[in-house]
Amino acid sequence: MPFTLPSRTPSGLRRRTLLASAAGAFALAGCSTAEPSTTETSGGGPSAADRARARAARDSRALAERYAAVITAYPSLAERLRPLRAEVVRHAAAFDSGSQASGSPSPSASASESAVAAGATPAPSATVPATEKDALKELASAERTLADQRAKALLDVPGELARLLASVAAAGAAHAYLLTEGTK
C-alpha cells in the first residue's frame, strides 16, 4: 500500500486568519476606551495625559530650535533640514492643540511656536557642533532620543494621545534615518 501524507490546510490561510484577527483586535482595542477628562478628580491639577502632551510640545519646540540653530550656522544644510524642521514645528502644534480644555495653546506656547516657525535666531544657549557632519549627527541623535522617550511615554497615556505620540515617534525615527543617510 502506498504511503500518503495527511492533508493539511495551507499555511497561508492560517497566517491570513491570524493577521485579520490581530488587526481586528487592535482596531477594537483602540476604539474601546473613552478619553479621560483633562483634570484629575483628586486635586484639579493637570492629568498625566496633559502633562505628557505639554512635555511633548515643549520637546518638539526645543528640537525645532536646534534645527534653526544648525540652519543658521550651516546655510548649506538649509534645503535638507527645512522640511524636517517644519514637521517638528507641526508636531509641537499638534501637541499644543489638545493641551487645554479650550483646545488652544497657551499664549507663551503660541509665541514660542510662532518664533520657531518663523525661523527666528535660536537662543544663545543653543550650541552648534563645529562641522556639518557633527551637526547632522547631533540632530539625528536628538531625534532618536526623543522618539525613544515618546515610544515609552505612549504606554502611560490614553488612546488618542498614545496614537499621536506613536506617530510622532515614528516620524522622529524616520528623521534620524534621513539625517544620517549619506553622512556615513
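Numerical summary
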item: Looking only at segment 175-184, and only at residues there that are in a helix (DSSP H, G or I) and of a type outside the set (S, T, N, Q), the one that is surrounded by the fewest Cβ atoms within 10 Å (Cβ to Cβ); result: 177
item: Selection count, segment 59-83, where residues are under 21 Å from residue 177 (Cβ atoms), under 13 Å from the mean Cα position of the chain (by Cα) and open to solvent by 20 Å² or more (accessible area, probe 1.4 Å); result: 1
item: Candidates 32, 7, 21, filtered to the one that is open to solvent by 80 Å² or more (accessible area, probe 1.4 Å), more than 24 Å from the chain's Cα centre (by Cα) and at pLDDT below 95; result: 7
item: Scope segment 128-174; condition of a type in the set (A, V, I, L, M, F, W, C), surrounded by fewer than 16 Cβ atoms within 10 Å (Cβ to Cβ) and closer than 21 Å to residue 76 by Cβ; matching residues; result: 130
item: Residues of segment 56-98 that turn out to be more than 15 Å from residue 143 (Cβ to Cβ) and in contact (Cβ under 8 Å) with a residue 60 or more places away in the chain, as a count; result: 5
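The values are calculated or read from the model by the stated rules, or taken from the named source; none is laboratory data. As the structure is a prediction and not an experimental result, all values here were calculated from the model. Heads up, the Cβs are rebuilt from the backbone with ideal geometry, glycines too, and the neighbour counts pull from every protein chain shown. Note: accessible area is taken over every heavy atom of the protein model, side chains too, but ligands, DNA and RNA are not part of it. Shrake-Rupley method; radii C 1.70, N 1.55, O 1.52, S 1.80 Å.
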